[in-house]
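The values are calculated or read from the model by the stated rules, or taken from the named source; none is laboratory data. Here the structure is a predicted model, which is why all the values come from computation and not from measurement. All Cβ positions, even for glycine, are placed from backbone atoms using ideal geometry, and neighbour counts span all protein chains on display. Accessible surface is based on the protein model in full, side chains and every heavy atom, while ligands, DNA and RNA are left aside. Shrake-Rupley method; radii C 1.70, N 1.55, O 1.52, S 1.80 Å.
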Amino acid sequence: MAQYTLETDGQVCPFPLVEAGDAIAKLNFGDQLTINFDCTQATDALPRWAAENGYPVTHFDRVGDAQWTITVQKA
Amino acid sequence: MLLTGLGLGIALGFAMQRGRFCVTGAFRDLWITGSTRWLTAFLIVIAVQSVGVFALDTAGVITLDPQPFAWVATIIGAFIFGFAIVLAGGCATGTYYRAGEGLVGSWFALIFYALFSAISKTGALSTPVAALRGITLEASTIHGVLGVSPWALVAVLVTGVGLLARHHLRLRSPLPLVSLPARTSGIRHLLFEKKWGAFTTALIIAPLAILAWPLSWATGRESGLGITGPSSNIVNYLVRGDPQLIDWGVYLVIGILLGSFIAAKASGEFRVRLPDVTTTIRSIVGGVLMGVGASLAGGCTIGNGMVDTATFGLQGWVSLVFMIIGTGAATRLFITGSARVGVSPVRVPADR
């Protein structure tokens with residue numbers, strides 16, 4: 001049940017989504033992955049990706065102007 | 001009257017920013033995840049608009065005047081444009097509204113897109129572009145080729161898109177969609193915070209696209225929404241100073257920029273964001289190719305892909321297909337299998 005962070009600030013879509021997919025593939029079941037991002041479109045794409053893949057979202061919030069963070073659990 | 005362009009542009013930019021309406025994303029998703037959700041939203045805009053456009057044409061408010069189909073230039077240009085929007089990180093409108101969100105990469109893409117539109121339309125590249133666009137077929141519309149009423153095609157399109165939308169609305173993911181915690185309520189929440197669905201956004205954009213026709217027509221600019229021509233006009237105006245170049249379309253694109261800035265600023269989504277070196281170079285190359293491609297094809301994702309398609313122009317639909325193929329080629333080259341080298345999630349110590 002480890003905690004991982006992926007920084008994608010400055011990466012435009014779809015890179016945050018592509019990198020999140022690559023990152024979570026490397027984790028163990030139960031591990032949590034926090035993705036920090038600043039691409040507006042990912043506020044739509046990342047929660048949808050989590051829902052469609054069955055990864056529970058444990059945290060999703062704004063960090064500042066045009067900055068967000070989402071934490072999903074690999075399940 | 002030109003100011004109606006500004007107002008419509010502001011509404012459009014606002015809706016696109018809040019709805020995260022991205023045509024590039026819609027095409028790219030087909031190749032990355034196979035999802036047709038955003039493409040369906042895009043098709044909803046075309047279908048609803050086709051009803052409006054042919055109603056306006058039938059009522060005599062506007063008169064559609066199809067041009068011979070410049071098939072060679074359309075195919076080449078659409079492929080180049082589709083390829084370019086992946087590099088630029090957004091299509092023509094996408095680049096405008098991201099520029100309004102403060103993405104410096106989109107500023108670069110926008111400047112080079114406008115510059116190379118002008119170069120291709122009226123500058124150094126105008127001769128080869130005009131020569132290629134001179135190769136035409138007599139046919140210009142799908143209903144013309146088939147010899148049927150455009151309303152038959154409107155019926156087919158609306159039915160098909162309706163079924164596709166129903167399919168998407170019935171899809172259920174394993175887990176519910178999580179949204180950002182609400183901090184405001186009422187109209188403020190609705191406008192600046194609540195997540196707009198893809199299809200809701202499409203249903204807001206479609207009437208704006210219809211309204212663009214009579215509003216633009218009233219000023220003597222006889223077409224619907226368009227981005228490339230006005231962008232080229234801005235460059236020509238800045239260089240030559242001829243005020244005749246400032247038409248309804250110029251107000252429209254400036255409105256898109258303003259509208260998305262207002263939406264982003266009011267929802268805490270505006271921030272000047274600097275791209276890294278790779279993204280900067282891609283944005284510039286993407287902008288250049290977008291300008292050349294759109295000028296060859298006679299339109300961008302909006303002018304061809306969303307507006308000419310609604311009039312069942314061959315140029316629009318052939319463009320749409322080749323833009324999607326171009327997007328696929330660039331996606332293979334630059335996205336799938338080529339993410340940042342050495343990026344991996346960082347493990348956070350357990351005691352945190």
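What to note about this one:
- For the condition open to solvent by 40 Å² or more (accessible area, probe 1.4 Å), out of contact with any Leu (no Cβ under 8 Å at 6 or more places or on another chain) and within 30 Å of B:S173 (Cα to Cα), B:G34 qualifies.
- Members of region B:13-62 found to be free of Cβ contacts under 8 Å to residues at least 40 places away in the same chain and assigned to a loop (DSSP other than H, G, I, E, B), listed by number: B:T33, B:G34, B:S35, B:G60
- Restricting region B:82-128 to residues that are assigned to a helix (DSSP H, G or I) and without any contact (Cβ under 8 Å) to a residue 40 or more places away in the chain, the residue that is least open to solvent (accessible area, probe 1.4 Å): B:S126
- Scanning region B:321-343 for residues that are open to solvent by 60 Å² or more (accessible area, probe 1.4 Å) and modelled with pLDDT under 95 yields B:R332, B:L333, B:G337, B:R340, B:V341, B:G342.
- Residues satisfying the stated conditions in region A:23-49, i.e. at the interface with chain B (Cβ under 8 Å from one of its Cβ atoms), within 12 Å of A:Q67 (Cβ to Cβ) and not acidic (D, E): A:T40, A:T43
Okay, residues lined up against (1) open to solvent by less than 40 Å² (accessible area, probe 1.4 Å); (2) at pLDDT below 95; (3) not hydroxyl-bearing (S, T, Y):
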position: B:L132; (1), (2), (3): no, no, yes
position: B:I135; (1), (2), (3): no, no, yes
position: B:I142; (1), (2), (3): no, no, yes
position: B:L153; (1), (2), (3): yes, no, yes
position: B:L157; (1), (2), (3): yes, no, yes
position: B:L164; (1), (2), (3): no, no, yes
position: B:L171; (1), (2), (3): no, yes, yes
position: B:L175; (1), (2), (3): no, yes, yes
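- Filter result for the condition that a residue is open to solvent by 30 Å² or more (accessible area, probe 1.4 Å), free of Cβ contacts under 8 Å to residues at least 60 places away in the same chain and under 25 Å from B:T93 (Cβ atoms), over B:G186, B:G220: B:G220
- Residue match in region B:266-282 (condition: aliphatic (A, V, I, L, M), more than 14 Å from every other protein chain (Cβ to nearest Cβ), surrounded by fewer than 24 Cβ atoms within 10 Å (Cβ to Cβ) and touching a residue at least 12 places away in the same chain (Cβ under 8 Å)): no
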